[in-house]
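To start, the structure itself, in structure tokens.
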Amino acid sequence: SSGINAEWPLRPGQKILAKRPQPPLPLHLRLTKNDAATLIQAGVRGYMARQLPRVQGFRDKVRRKQAAATVIQSGWRGYKIRMAIRDEDLSSKDFCKLYYGSKKTPDAEPEEEEVEQ
């Protein structure tokens, strides 16, 4: 019992602060001027780097690939639903349920059951 479990001595205001925790100080009050200047410089340098033509070209290429992927996904989903509609007996199917899956709408189902009885 050399003091491993012993409590560290508390500073005078620590007991009071433990009972009434305060929100953390805003970032601008916690940083030194040097740290704040470093953060500002990092932000400006990042902005300037994003404006370079080769970075803009890369970002445009990524946007084009994302747009192409969206078109491919849309085409695939349309194909899947067309095949599902073609293969189903559509005389008793609700097209919304077929497209969106088996999600039940709470207000549509009970009304049909009440009318049938």
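No value in this document is a laboratory result; all are computed from the given coordinates. A quick note: this is a predicted structure, and the numbers were derived from the prediction, not measured. Positions of Cβ are backbone-derived with ideal geometry, glycine not excepted, and every protein chain shown enters the neighbour counts.
For this structure, a couple of remarks:
- In this structure, Tyr47 and Gln73 have a Cβ-Cβ separation that, at R0 = 41 Å, corresponds to a calculated FRET efficiency of about 0.80.
- Taking only the Cα atoms of the stretch 30-93, the ratio Rg/Rh comes out at 1.49, with Rh defined as the Kirkwood radius.
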